[in-house]
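The values are calculated or read from the model by the stated rules, or taken from the named source; none is laboratory data. Since this is a predicted model, take the numbers as computed values, not measurements. Backbone-built Cβ (ideal geometry, glycine too); neighbour counts: all protein chains shown. Heads up: the accessible areas ignore ligands, DNA and RNA and are worked out on the full protein's heavy atoms, side chains in. Shrake-Rupley method; radii C 1.70, N 1.55, O 1.52, S 1.80 Å.
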Amino acid sequence: MGKSVLVVGGGGREHALCRSLFESKSIDEVHVTPGNAGTMNYATNHSISASDISGLVDLSRNLRVDFVVVGPEAPLCESLADILLEHQIPCFGPQALHAELEGSKRFAKEAMHRANVPTADYLVLDSSTDLESALDSYSDNPWVIKRDVLAGGKGVVVTTDYQEAIEFIKDSIETDGHVLLESFLPGEEASMLVVMDASGFICLPPSQDHKRVWDGDKGLNTGGMGAYCPAPVVTETIHQKVLERIVEPMHESLSGMDVPYRGVLYVGLMIDEHGDPYVVEFNVRFGDPECQVTLPLIESDVGELLFSAATDSLQDYAISFHDKHSLTVVLASEGYPQSAIKGRVIQGAEISEDNDEAWVSHAGTGRDDSHQLISTGGRVLATTAIASSLREARARSYQRMQAISLQGSHHRKDIGHRAL
Ligand code: AMP
Ligand code: GLY
């Protein structure tokens, strides 16, 4: 008999997880909470919020699921995995101790330092620091300033503007007590998702996100406006360096601890002009929209992959990938990322309009009283396509996007431009 699983979260990433789990032979039943209008096609939606830890634990117990897959980082930082394990429910997503790799930039830096993993050097600034001389010592390049708290993508400022830098530093010290100033790493970014447990790890194909809101990487930072996979910037040689310098030492260090890391480690990479990789950030979850482009390239059973990692049996899992390319374009509400206008009707995004090569992942969607699909968030949905070339995947993804209408919405027209 197949397994039952509960997915926690309600964005495009969770839609992609529900879809892949639904398609997994090892899985009979998919539940999601809170989900969105799209996850209903693959899973039973529940109404517990991803921030209600005791509600999530009760739901998992009542549903008697075989395991839980956690999409976002916040519940992991709030010990969801720890409490589930106390109730003998396996969890894909690390315990709070490891979730600090995302929750605290300083903790992540210290973990990298212990494992001798390449990353930008940094200073911790607090109210006793001479800020002027600290900024002076990093003034050859833009200043990179990072708050040491979960800030929902708004905790990092990269700027050459002295006034902006000093203000962000002062504000951060006032609210958080300290802040990190780190050296600027030039290069090209890529994301590597590494599924791991005590027994081993599996690197999924590298992908590339597009974080700025407008074409040509202009405008404000967002949660991610599109992605593609695999990212050719990570050549075979660079992949090998990432493995030897970053993934292997991190896995060795994490699996040697009392509590192993069970879940996916998102390694945000900067690759410099010499092809040397540095870690920009760790996340303790699948990226969004990286998840939407990566999961469809897994040929083997995704349910079994996630269950194996949740139960320390990854070494027995044989992964295989499709020899294909995928590309995702995100559709955002008018006003995103500053202030998104919500509650508008969306047309053309129903599952009946999808096909095997191009489909929609819902994120900020819901149903109004007359069951019409409406927008409920900043990032509303994403179109994903898979094909034997990146060019074709791009064409199919944009073709699927053309069929969708949402008043005032916007999406980038140049996803994949670095690779094409
Ligand atoms: P983070 O939340 O740490 O990933 O930072 C957000 C974004 O800021 C990254 O995706 C990079 O584009 C940029 N960034 C962060 N750290 C650095 C760095 N040391 N050098 C250059 N850019 C950086
Ligand atoms: N797409 C970047 C992230 O999920 O953090």
Complete set of residues in the range 186-201 that are surrounded by fewer than 20 Cβ atoms within 10 Å (Cβ to Cβ) and either among the hydroxyl-bearing types (Ser, Thr, Tyr) or in contact with a strand residue (DSSP E or B) (Cβ under 7 Å, 6 or more places away or on another chain) (or both): Gly187, Glu188, Glu189, Ser199
Residue check, Leu181 buried (at least 20 other Cβ atoms within 10 Å of the Cβ), under 22 Å from Met250 (Cα atoms) and within 16 Å of ligand 1 (Cβ to nearest atom): no
Residues (open to solvent by 10 Å² or more (accessible area, probe 1.4 Å) and away from ligand 1 (no atom under 16 Å from the Cβ)) located in the range 281-297: Pro296
Residue among Asp316, Asp301, Asp276, Asp288 that is of a type in the set (Asp, Glu) and closer than 15 Å to Arg245 by Cα: Asp276
Residues that are assigned to a strand (DSSP E or B) and not small (Gly, Ala, Ser), drawn from the range 341-359: Val345, Gln347, Trp359
Single residue of the range 360-388 satisfying the filter (part of a loop (DSSP other than H, G, I, E, B) and among the small types (Gly, Ala, Ser)) that is surrounded by the most Cβ atoms within 10 Å (Cβ to Cβ): Ala363
Pairs with Cβ under 9 Å, 6+ apart, first in the range 161-190 and touching a residue at least 40 places away in the same chain (Cβ under 8 Å), second among the polar types (S, T, N, Q) and near ligand 1 (Cβ under 10 Å from one of its atoms): Glu182/Thr119; Ser183/Asn141; Phe184/Asn141; Leu185/Thr119; Leu185/Asn141; Pro186/Asn141
Residue match in the range 216-228 (condition: closer than 22 Å to His98 by Cα and more than 14 Å from ligand 1 (Cβ to nearest atom)): no
Ala198 vs. criteria within 16 Å of ligand 2 (Cβ to nearest atom) and touching a Pro at 6+ places or on another chain (Cβ under 9 Å): no
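So that you can scan it fast, the table gives a plain yes or no per residue for (1) under 28 Å from Leu181 (Cα atoms); (2) assigned to a helix (DSSP H, G or I); (3) within 12 Å of ligand 2 (Cβ to nearest atom); (4) modelled with pLDDT under 95:
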site: Leu220; (1), (2), (3), (4): yes, no, no, yes
site: Val234; (1), (2), (3), (4): yes, no, no, no
site: Ile238; (1), (2), (3), (4): yes, yes, no, no
site: Val242; (1), (2), (3), (4): yes, yes, no, no
site: Val247; (1), (2), (3), (4): yes, yes, no, no
site: Leu265; (1), (2), (3), (4): yes, no, no, no
site: Gly275; (1), (2), (3), (4): yes, no, no, no
site: Tyr278; (1), (2), (3), (4): yes, no, no, no
site: Gly287; (1), (2), (3), (4): yes, no, yes, no
Matching residues in the range 1-23 - criterion: being open to solvent by less than 10 Å² (accessible area, probe 1.4 Å) and either assigned to a strand (DSSP E or B) or among the hydroxyl-bearing types (Ser, Thr, Tyr) (or both): Val5, Leu6, Val7, Val8, Gly9
Boolean, Val195 is β-branched (Val, Ile, Thr), closer than 19 Å to Lys105 by Cα and either within 13 Å of ligand 1 (Cβ to nearest atom) or in a strand (DSSP E or B) (or both): no
Subset of the range 113-126 [open to solvent by 50 Å² or more (accessible area, probe 1.4 Å), of a type outside the set (A, V, I, L, M) and either within 15 Å of Phe184 (Cα to Cα) or not in a helix (DSSP H, G or I) (or both)]: Asn116, Asp121, Tyr122, Asp126
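For every residue, the table says whether it meets (1) aliphatic (A, V, I, L, M); (2) within 13 Å of ligand 1 (Cβ to nearest atom).
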| residue | (1), (2) |
| --- | --- |
| Thr159 | no, yes |
| Ile166 | yes, no |
| Ser191 | no, yes |
| Phe201 | no, no |
Looking only at the range 301-321, and only at residues there that are among the polar types (S, T, N, Q) and surrounded by 17 or more Cβ atoms within 10 Å (Cβ to Cβ), the one that is farthest from ligand 2 (Cβ to nearest atom): Thr311
Residue in the range 322-340 that is surrounded by fewer than 14 Cβ atoms within 10 Å (Cβ to Cβ), more than 22 Å from the chain's Cα centre (by Cα) and not in a loop (DSSP other than H, G, I, E, B) present: no
